[in-house]
Amino acid sequence: MFNVQKHLRHVVLALGLAAASLTAGATVLPTYKIDVANTATSDIAYIDFVFGSIDGAAPVTASLSHFTGIPLSELDRTGAVSGTSDGFIIGNAGAYNDLFLAVDGPFAFDLNFSEGFLGFASTFDSNSFFSIVLYDSLSNVIGDPNGALNFSLSKTGVVVTSTSSLLSLTPVAAVAVPEPADWVLMLTGLVFVVYMTRLNGRANARRLAAAQATVARAIA
C-alpha cells in the first residue's frame, strides 16, 4: 500500500511539472499596441507600413487591427496586402510590401505577427523587416526615412527600434495556449491517477472488511 501511494504522489508531481512546462517552453509574441501622436499638432498626414524579407525567410504576416480614433483613408497598397480599415494583413513575401494610409487626428491600433518564423533555420539571423514611416502634409518624411518604428524578425524573436517620440509602443504579453496533443497527455495522466486512486481505495475497503470480520469472529 505504501508503494502505491508513493507512486501516485510521483505521478501527481510529474503531471504538475508537465502542466507548468506546457506554456513555459513556448514562445508567444506579444500584441504591440501603438499610439500615434495628435496629427493636428505634429503634422502627421500619412503613415506608411512596409514589410519585406530576404531570400529564404519564413513566411510571416503582420496584422493591423483595432484601429481607434479618426477614420483612416487608404491611398495605396503594393504587394501582399489585404483587408480594409477594419483590419489589414501584410505579408513579407519579397523585398517590398506596402500599405499607405492618410490620417487625421490621434489614433491607435494593434500589431501582431504570425509566429511561423520562430525557430526557422535561415542563413541570416534577421530575415524579415517591418517598418512604420511617417510623412507630413507636404509628403516629407518625418524623422528617420528608414522608419519611426522598426521591427526586425529573427528565429529567436522580434527586436523593436524606435526613432521617434511621435509613436508610442506598449507590448502586451500573450498567454500561451497548450497544443491539443499536450492536453491529451495531461488528461491521460489524470485518468490514470483517478483509476489508481479508486483501485487503491477498493483494496483498502477489502482489507477493512476482512479485519472487521476477523474481530467479529473473535468476539463471537
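The values are calculated or read from the model by the stated rules, or taken from the named source; none is laboratory data. None of these values were measured; they are calculated from a predicted model. Quick reminder, even Gly has a Cβ in these numbers, built from the backbone with ideal geometry, and neighbours come from all protein chains shown.
What to note about this one:
- Residue count for the range 136-156, restricted to those that are surrounded by 14 or more Cβ atoms within 10 Å (Cβ to Cβ) and out of contact with any Asp or Glu (no Cβ under 7 Å at 6 or more places or on another chain): 11
Yes or no, residue by residue, for (1) in contact with a helix residue (DSSP H, G or I) (Cβ under 6 Å, 6 or more places away or on another chain); (2) modelled with pLDDT under 90; (3) polar (S, T, N, Q):
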residue	(1), (2), (3)
32	no, no, no
39	no, yes, yes
60	no, no, no
75	no, no, no
82	no, no, yes
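- Filtering the range 70-96 to residues that are touching a strand residue (DSSP E or B) at 6+ places or on another chain (Cβ under 7 Å), of a type in the set (Ser, Thr, Tyr) and outside any loop (DSSP other than H, G, I, E, B) leaves 73, 78, 82.
- Against the conditions (1) buried (at least 21 other Cβ atoms within 10 Å of the Cβ); (2) out of contact with any Lys or Arg (no Cβ under 7 Å at 6 or more places or on another chain), residue 117 satisfies every one except (2).
- Residue in the range 79-91 that is more than 27 Å from residue 172 (Cβ to Cβ), under 23 Å from the mean Cα position of the chain (by Cα) and assigned by TED's automatic domain parsing to the domain that holds residue 61 present: no
- Meets criteria (in contact with a Gly (Cβ under 8 Å, 6 or more places away or on another chain) and of a type in the set (A, V, I, L, M)) for residue 93: yes
- Count - residues of the range 62-73 that are at pLDDT 90 or above and touching a Gly at 6+ places or on another chain (Cβ under 9 Å): 6
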